[in-house]
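Enquirer: This is the structure I want to talk about, given as structure tokens.
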Amino acid sequence: MNKKPLSLFEMAQAQLDEAVGILNLDPGIHAILREPMKEFHVSIPVKMDNGQTKVFKGFRVQYNNARGPCKGGIRFHPDETIDVVRALAAWMTWKCATVDIPLGGGKGGVICNPKEMSEDELERLSRGYIDAIWEFIGPDRDIPAPDVYTNPQIMGWMMDEYSKLRGYSSPGVITGKPLAVGGSLGRGDATARGGVYTIIEAAKHLNIDLSKATVAIQGYGNAGSNATILLHDMSGSKIIAVSDSKGGIYNQEGLDPHQVLQHKEETGSVINFPEAENTSNAELLELSVDILCPAGLETVLTEKNASRIKAKIVAELANGPTTPEADEILYRNGVFSIPDFLCNAGGVTVSYFEWVQGLNRYYWDEEEVHQRLGKIMTKAFQAVLAESLKRKINMRLAAYIVAVARVAEAMRLRGWI
Ligand code: GLU
């Protein structure tokens, strides 16, 4: 009989259950950790450019705030579901705990297709989402940020809307804002940069020379596009394939990521880049490379393709790119996975810096941001690696052990059970 595939949130719960089993946690703590603390489901009426009003569905999940206010991005996506937002909110909880920043986990989503909306419609939707949830968020309560198909401009509108409703300027309510309205230097490429710091540590551990390494990156949003540039410029690695939602490009001799970026900006996609062959997203994942970065959407590595993955390191810049079945296959085959909530934690780490700077009205220079980010990412990677080596378990389970133990300790100390 075919097993029904797990939903994304069931997948997150199954991962948690495994870690809790090893940690031998109190059943009450386990029960609290398996479910989100609060969920908001909202309807957002938006006057479209043609004069008609359309109602969009939106969500905000506040998963756990034992270690601090909830924190996590907002996605604008046509296939968004509450199940996906729940899973992502759980992973934000583990992410903030893994890098040991004083924040809990949350996530938001709006079902919409931003590619088919005008700038004005997007602004009205962004403001409408805040009108619907503003009483439940705030610098001490829940602090959103950008994620799939949302960007600094959208964060700027949301911060403005929240500030108008409150009656005072509140830069601490949201992160990933443009610099001129309280953003942080270094937030733009923070997810990719944090990921690169973890790749550097993984390469050291595996004795891989990054200046000779080949790389394929799937997904060309904020994380993927910045990762191509940083791995090329900082580590001298050879980027042999990249892709976006329309398809991929491949050149065994290496791509110039700056030119690819320019091509994407001019044509709307990486495909048909003159100095490369077109390829598909599925083919890209199976290329013979040293480092594979899934940097787009969830569940791209599954039991169907995991056995054909040839990369030595899988660096998960996306959230949830690997299913539990694929995880097992990869681990068995000796692929070293840097799990999502460790690998992509650089974004929320610099969000944390932005929040701190906003609350203090005192901003740091870029060097300070990079240096602090490097320190946090390296320390988190080493803590997870130590756990993985000590217990002879894969890096994801090790990251869960580190994170869940920290959240559970905070819950105990606060007297939640
Ligand atoms: N959306 C990013 C993530 O998944 C950043 C979240 C944040 O900065 O709060 O980690």
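Each reported figure results from applying straightforward, stated rules to the coordinates on display, with no laboratory input. Here the structure is a predicted model, which means the values were calculated and not measured.
Enquirer: Using only DSSP helix segments of four residues or longer, with each worth -39500 (n - 2.57), what per-residue ellipticity at 222 nm results for the chain after dividing by its residue count and rounding to 500?
Expert: It lands at -14500 deg cm²/dmol.
Enquirer: Name the most mobile residue of Cys70, Cys343, Cys112, meaning the one with the largest mean-square fluctuation, in a Gaussian network model of the chain with Cα contacts below 10 Å.
Expert: For the chain, modelled as a Gaussian network with Cα springs under 10 Å, the answer is Cys112.
Enquirer: Related question: Taking the alpha-carbon distance from Lys107 and a cut-off under 14 Å, which aspartates and glutamates remain once sequence neighbours fewer than 8 residues away in the same chain are dropped?
Expert: Of all the aspartates and glutamates, those that pass the test against Lys107 - Cα under 14 Å, at least 8 places apart if same chain - are Glu35, Glu39, Glu80, Asp83, Asp142, Asp147.
Enquirer: Separation of the range 153-167 and the range 92-114 by C-alpha centroid, Å?
Expert: First find each Cα centre; the distance between them is then 19 Å.
Enquirer: If one computes the Cα centroid of the range 292-325 and of the range 193-264, what distance in Å separates the two points?
Expert: Between the Cα centre of the range 292-325 and that of the range 193-264, the gap is 15 Å.
Enquirer: May I ask which of Lys177/Lys375; Lys54/Lys264; Lys4/Lys304 have a Cα-Cα span longer than 25 Å here?
Expert: Lys54/Lys264
Enquirer: Too long at a 26 Å Cα-Cα cut-off: which of Lys71/Lys164; Lys38/Lys392; Lys47/Lys164; Lys204/Lys390?
Expert: Lys38/Lys392
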